[in-house]
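The values are calculated or read from the model by the stated rules, or taken from the named source; none is laboratory data. Treat the numbers as computed from the prediction; the structure is a model and nothing was measured. Please note: Cβ atoms are built from the backbone with ideal geometry, for glycine as well, and neighbour counts cover all protein chains shown. Heads up: the accessible areas ignore ligands, DNA and RNA and are worked out on the full protein's heavy atoms, side chains in. Shrake-Rupley method; radii C 1.70, N 1.55, O 1.52, S 1.80 Å.
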Amino acid sequence: MKLLNRSLIYLSAVFFIIIGVWSVIFYFNLKDEIRDSIDDGIDNNRLLILIKVHSDSTLLTQNEFGGNNFKIHPVSKEKALAYRDVFKDTMMYRLNENDLEPVRLLNSAFEHNDQYYRITVISSLVEEDDLIEDSFWSVVSLFIILVVSIIIVNNFVLRKIWNPFYDILNQLKTYRLDKNEKSIEINSNIKEFIQLQEAANTLINRSKEAFLSQKEFTENASHELQTPIAIIIGKLELLLESKDLKDEDANTIANVINIADRLKRLNNSLLLLAKIENKQFLEEETISLNETAKNLLSNYDELLAFKQIEYELDETKDLKVKMNPALADILLSNLIKNAIFHNKKDGNIRLTFTSEEFIVCNTGNPFSLNPDTIFNRFEKDQTKKDSTGLGLSISIAICNSYNLKINYGFAENQHCFKINFNNILAQV
Amino acid sequence: MKILIIEDEGDLRETIKESLLKEKYIVETAADFTSAFEKISIYDYDCILLDIMLPNGNGLDLLEELKKNGKSENVIIISAKNSLDDKVKGLALGADDYLTKPFHLAELNARINAVLRRKNFKGKDCIEVENVVLDIQERTLTIDNRNIHLNKKEFDILNYFLSNKNRLITKTALAEYVWGDHIDQADNFDFIYYQIKNLRKKLEESNAQIIIEMIYGIGYKLTEK
């Protein structure tokens, strides 16, 4: 839920309660005030009638309301004296409304020429149910207007105020530690946002330092290992050539050389990975992947013949991309070599080039590899001990450095790797 | 043939030196920039092995000095840094080759051999051993003036053996030579064994005066009959 909506909900609830309570109180105050003023009016009427009675005695005979708002009945003195002025609400039939309507009524008594009279003065009351209904709808519309104006304020004003926040958020979302991007910057003088920006930048800088030192460590460590490995291999090779060496010793030495070689390959692969991740392959050229693949394949003619593997090329398009030639070479050769080495006798390989994809499919083990772990570092065929398990990681690292998508699939006894080059296609 | 090794790592320097002495070269060594600078100023060498990272100086500066004197074409750069930049710079400064540590001694021999051949046979890049002539440029093999057909891998393997005559080549070194860098499957020996078997058969049938001996479990050695 968005912050804006959340605040809207809280505000609406608070408004609802405040406006509800307020309108009840307001309603009763208003009703009292209206009654007061009507009572004053009725009282005033009564006084006016009493004055008028002196000049116009016919009024004394008005013992029904008729069209007027008063009636007068003669009463006995005792009764008249017992009378107190009383205001009360009552219902009366109204011709125009054809219904009983509320009226305010004053009963009083007076004396005229030694004769006692009872006077009843009425005044129509505000219709209470109408009043409630009217004020209810006014309150509802007030509430709606308030909520709508909050939404408007939220969406136009608050959103504008929150802009720097969304700005920081977007920058953080797309921030790549490995891309050597500038620190996050926003255009705002609001203290909280500036603090957020500073905190984000501090975090970024710290992660960047950790990231860089980790990258450098891998690269430096691999570098430093090169010379000792060179010495080990060189010395063992010289030792192997010494004359008085027993066969078994020679075998042991050859074994150790083999292991040192594995170490060397592992180290080379790690170094290559570090370099790809450190973006040390900068220069780019337009490369035809069809040509690259064909060149690579021609290196494997004898091996393919030896393993009796057939290969076919399916060139629907000349797939031209803009990338580093060394990386293009490593990427394709890794996949092609995989397709050869993990193949079976009398197997086949099919390379497909579409307008944006390179697909390599090969026969091999009759079961699928695990697509979730296949691209992990050091993930390897357990039967192939000498493999470093980094071949596919290198391919992945190259794909990542160009934001290419690589997929593995297994269908109809074919293992397929598919790379989509659509974001580095060379402009034709 | 006089070779200078410029390498600061003592153990590696000695290992290379020992290996080169077996090839009957005259070998001199320098462990730092200053002594290397002195040596290249005074003497001429047929081949110089140059490490780029040196105490008190950069190997590329030495290369620049050599280029000034027109002597940079027989330099092989040996570096732990497989950096494209250094490679490009080094080769632009006239270095002949660039070898990344760690390497097999057989590989170094092959590279030195190539440099020396290019230097001494001006234009004609051939290896001749007894009645066998391998033309590197034309990629042909002639035995007793008869052309013998080799496939690519057989040719490469024979080239490697001839550059390492009388030296033991381990299977791993050979596999790496055949498969090149960044290969994860250098354990694929069957194929190499098969290629060598064919190569031996061809040499034998043509009555070549060389033989590739197999030293069981370890590697191979090419010797004259």
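Rounded, prolate or oblate: which one fits the protein assembly as shown, using the alpha carbon gyration tensor with axes a ≥ b ≥ c (rounded when a/c is under 1.5, else prolate when a/b beats b/c, else oblate)? Don't skip to the end; give the middle numbers.
Details: a/c = 5.47, a/b = 3.77, b/c = 1.45.
Prolate is the answer for the protein assembly as shown, as a/c is 1.5 or above and a/b outweighs b/c.
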For the protein assembly as shown, give me every cysteine whose Cβ has no other Cys Cβ within less than 4.7 Å, ordered by residue number. A:CYS399, B:CYS47, B:CYS126
Using +1 at the C-beta of Lys and Arg and -1 at the C-beta of Asp and Glu, which of A:ASN98, A:TYR408, A:THR227 has the Cα lying farthest in the positive direction of the dipole of the protein assembly as shown? A:THR227
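Using only the heavy atoms of the protein chains and a 1.4 Å probe, how would A:ILE18, A:ILE151, A:ILE330 rank by accessible area, largest first?
Result of the area sort, largest leading: A:ILE18, A:ILE151, A:ILE330.
From the gyration tensor of the Cα coordinates in the range A:133-207, what semi-axes in whole Å does the equivalent ellipsoid have, largest first, with each one equal to sqrt(5λ)? Don't skip to the end; give the middle numbers.
Details: eigenvalues 359, 24, 15 Å².
One finds semi-axes of 42, 11, 9 Å for the range A:133-207.
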In whole percent, and with a 1.4 Å probe on the protein chains, what portion of the accessible area of the protein assembly as shown is carbon and sulfur? 52 percent
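Which trypsin sites (Lys or Arg not before Pro) does the range B:61-112 hold that lie in a coil by DSSP with at most 14 other beta carbons within 10 Å?
On the way: sites: B:LYS67, B:LYS68, B:LYS71, B:LYS81, B:LYS87, B:LYS89, B:ARG111; in loops: B:LYS71, B:LYS81.
Hits after loop and neighbour filter: nothing returned.
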Ordering A:TRP137, A:TRP22, B:TRP179, A:TRP162 by the accessible surface of their heavy atoms, 1.4 Å probe, largest first, yields A:TRP137, A:TRP22, A:TRP162, B:TRP179
Counting other Cβ atoms within 10 Å of each Cβ, which trypsin sites (Lys or Arg not before Pro) in the range A:98-197 have at most 11 and sit in a DSSP loop? A:ARG176, A:LYS182
Spin-label model distance (nm) - A:ASN107 vs A:ALA221, 7 Å beyond Cα toward Cβ: 10.6 nm
With unit charges on the beta carbons (Lys and Arg positive, Asp and Glu negative) and the dipole taken about the Cα centre of chain A, which residue among A:SER135, A:ASN180, A:ILE194 sits farthest to the positive side? A:ASN180
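For the range A:89-231, just run the numbers: alpha carbon Rg, then divide by 2.2 N^0.38 Å, N being how many residues it has. Intermediate values should be presented prior to the final figure.
Working: Rg = 40.4 Å, N = 143, 2.2 N^0.38 = 14.5 Å.
The range A:89-231 yields a ratio of 2.79.
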Please give the residues from the range B:130-157 for which the solvent-accessible area of heavy atoms, probe 1.4 Å, is smaller by at least 30 Å² with all protein chains in place than with the chain isolated. B:LYS152, B:LYS153
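With Kirkwood's inverse mean 1/r over C-alpha pairs for Rh, give me the Rg to Rh ratio of the range A:285-420, two decimals please. Can you show the working numbers first?
Numbers: Rg = 14.2 Å, Rh = 15.2 Å.
My calculation puts Rg/Rh at 0.93.
Suppose every Lys and Arg Cβ carries +1 and every Asp and Glu Cβ carries -1, with no other charges. What dipole size does the range B:2-120 come out with about its Cα centre, to the nearest 20 debye?
Working: 17 positive and 22 negative charges, 101 e Å.
Taking the Cα centre of the range B:2-120 as origin, the dipole is about 480 debye.
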Of the DSSP beta bridges with both residues in the protein assembly as shown, give the percent that are antiparallel, rounding to the nearest 5. 75 percent
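What does the charge dipole of the range B:97-225 about its Cα centre add up to, to the nearest 20 debye, if the Cβ of each Lys and Arg holds +1 and the Cβ of each Asp and Glu holds -1? Please list the in-between numbers first.
Working: 20 positive and 19 negative charges, 69 e Å.
My answer is approximately 320 debye.
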How are the Cα pair distances of the range A:226-278 distributed, in percent, across 5 Å bins from 0? 5, 19, 24, 18, 12, 9, 6, 4, 2, 1
In the range B:2-120, taking the dipole from +1 charges on Lys and Arg beta carbons and -1 charges on Asp and Glu beta carbons about the Cα centre, the listed residue (B:ASN58, B:GLY94, B:ILE42) farthest towards the positive end is B:GLY94
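Could you tell me which of rounded, prolate or oblate describes the range A:231-324, using a ≥ b ≥ c as the square roots of the eigenvalues of the alpha-carbon gyration tensor, with rounded for a/c under 1.5 and, failing that, prolate when a/b is larger than b/c and oblate otherwise? Present the calculation step by step, with values, prior to reporting the outcome.
Details: a/c = 4.19, a/b = 1.76, b/c = 2.39.
It is oblate, given that a/c is not under 1.5 and a/b is not larger than b/c.
Placing +1 at every Lys and Arg Cβ and -1 at every Asp and Glu Cβ, with all other atoms neutral, what dipole size does chain A have around its Cα centre, in debye to the nearest 20? Mind dumping the intermediate values first?
Values: 47 positive and 60 negative charges, 198 e Å.
About 940 debye.
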Short version: which residues of the range A:197-245 lose at least 30 Å² of accessible area, all chains versus chain alone, 1.4 Å probe? A:HIS223, A:GLN226, A:THR227, A:ALA230, A:ILE231, A:LYS235, A:GLU237, A:LEU238, A:LEU240, A:GLU241
On Cα atoms only, tilt of B:10-22 relative to the major axis of chain B in degrees: 50 degrees
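What FRET efficiency comes out for A:GLU33 versus A:PHE87 if R0 is 25 angstrom and r is the Cβ-Cβ distance? Round to the nearest 0.05. Let's see the in-between values first.
Details: r = 15 Å, r/R0 = 0.59.
With R0 = 25 Å, the Cβ-Cβ based efficiency is 0.95.
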Could you work out the per residue convex hull volume over the alpha carbons of the range A:3-132, in cubic angstrom? 128 Å³
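Given Cα pairs under 8 Å that are at least 6 residues apart, what percent is the relative contact order of chain A?
Relative contact order of chain A: 9 percent.
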The convex hull of the Cα atoms of chain B, divided by residue count, gives a volume in Å³ per residue of 126 Å³
Can you tell me the orientation of helix B:152-163 relative to chain B, as the angle in degrees between its alpha-carbon axis and the longest Cα principal axis, to the nearest 10? 60 degrees
Mind checking the per residue accessible area of the protein assembly as shown for me, 1.4 Å probe, whole number of Å²? 53 Å²
Here the Cα Rg-to-2.2 N^0.38 Å ratio for the range B:2-120 is 0.94
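Nearest 100 Å² is fine: what is the total accessible surface buried where chains B and A meet, probe 1.4 Å?
Details: alone 11710 and 26990 Å², together 34800 Å².
Looking at B and A, the buried total is near 3900 Å².
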As a test of understanding, state the convex hull volume per residue of the range B:126-224 from its alpha carbons, in Å³. 91 Å³
After finding the eigenvalues of the alpha carbon gyration tensor for the range A:79-139, what semi-axes result from the square roots of 5 times each, listed largest first in whole Å? 34, 13, 7
To the nearest 500 deg cm²/dmol, what mean residue ellipticity at 222 nm is calculated for chain A from DSSP H runs of n ≥ 4 alone, each contributing -39,500 (n - 2.57), summed and divided by the residues? -18500 deg cm²/dmol
